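I have placed the structure first, in the form of structure tokens, so that the comments after it can refer back to it.
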Amino acid sequence: MRPAGHAYAALNRTIGKAIHDYEMIREGDRILVGLSGGGDSLSLLWMLIDRKRRVRVPYEVCAVHLDLGFGGEPAAPALHAFCRALGVPLRVELTDFGRRGHSPENRENPCFLCARLRRRRLFEIADELGCGTLALGHTQDDVIETLFINMFYAGEISTMRPAQSLFEGRFTLVRPLAYAGKGLIERFVREQRLPVVENPCPTSGTSRRRMVSRLLNGLYRDNPKIRGNIFRALRHVRPEYLLK
């Protein structure tokens with residue numbers, strides 16, 4: 001692990017606040033990190049291991065990578081090396097989720113099926129490994145984008161929660177990066193020289209999330225306060241001014 005820097009300090013503060021605000025980690029927790037190979041999940045795993053060495057609350061961390069079956073050069077070798085350097089056990093599983101998501105009968109929304117299959121398998125693996133907590137690398141931008149995706153395409157006002165108890169309390173899903181913007185993650189990745197793996201998904205550049213991201217980034221460029229205002233608005237809902 002490289003020496004600390006400015007991005008590290010800022011990311012450490014945001015993660016620490018999210019963990020504290022939502023009580024994401026408790027003594028004795030066994031946490032499974034979903035490791036896609038992107039900068040978000042690599043940063044999450046790195047920071048959880050760094051935090052584990054500094055805080056008094058003991059917990060265990062392991063990681064899982066689901067190969068979605070797109071072919072090409074596998075991410076597993078780079079991720080194994082990364083996890084070995086951190087002292088984290090990594091499980092790699094080859095799936096056909098990507099191909100199934102992009103099958104002819106599912107072309108209208110390949111991301112939905114792929115995400116549903118991935119999420120189900122992650123909880124199954126968490127159960128197999130005795131992990132009661134699943135940690136995912138979704139950022140503040142993902143939380144905001146999901147709000148607009150659900151409004152535009154599902155006709156509802158909802159988004160990702162930083163922490164959520166699921167399956168009658170058997171598992172807890174946590175997103176410690178929920179307060180961190182993608183810009184901060186990108187700076188941290190460069191600062192620590194994390195081995196980011198290229199996303200092999202053929203529709204990653206044209207997905208609904210990418211379209212919403214481009215729309216929002218245009219607004220952010222005009223007024224940098226908009227990102228923070230949207231995020232704060234998620235905690236300041238006024239039901240009396242919504243339709244019934």
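General remarks:
- Restricting segment 17-37 to residues that are surrounded by fewer than 14 Cβ atoms within 10 Å (Cβ to Cβ), in a loop (DSSP other than H, G, I, E, B) and of a type in the set (Asp, Glu), the residue that is nearest to the chain's Cα centre (by Cα): Glu23
- Put simply, of Leu134, Leu147 the only residue that is buried (at least 18 other Cβ atoms within 10 Å of the Cβ) and in a helix (DSSP H, G or I) is Leu147.
- When Leu216 is tested against (1) in contact (Cβ under 8 Å) with a residue 24 or more places away in the chain; (2) part of a loop (DSSP other than H, G, I, E, B); (3) of a type in the set (A, V, I, L, M), only condition (2) is not met.
- The one condition in (1) surrounded by 18 or more Cβ atoms within 10 Å (Cβ to Cβ); (2) assigned to a helix (DSSP H, G or I) that Ala9 fails to fulfil: (1)
- Ala85 vs. criteria in a helix (DSSP H, G or I) and within 20 Å of Cys201 (Cβ to Cβ): no
- Among (1) surrounded by fewer than 13 Cβ atoms within 10 Å (Cβ to Cβ); (2) in contact (Cβ under 8 Å) with a residue 24 or more places away in the chain - the single one Val189 does not satisfy: (1)
- Boolean, Ile31 is in contact (Cβ under 8 Å) with a residue 40 or more places away in the chain, out of contact with any Ser or Thr (no Cβ under 6 Å at 6 or more places or on another chain), hydrophobic (A, V, I, L, M, F, W, C) and within 30 Å of Arg235 (Cα to Cα): no
- Among the residues here, Ser43 does not qualify as surrounded by fewer than 16 Cβ atoms within 10 Å (Cβ to Cβ), of a type in the set (Ser, Thr, Tyr) and out of contact with any strand residue (DSSP E or B) (no Cβ under 6 Å at 6 or more places or on another chain).
All of the numbers you see were taken from the coordinates with simple rules; none came from a lab. Fair warning: this is a prediction, and the values are worked out from it, not measured in the lab. Quick reminder, even Gly has a Cβ in these numbers, built from the backbone with ideal geometry, and neighbours come from all protein chains shown.
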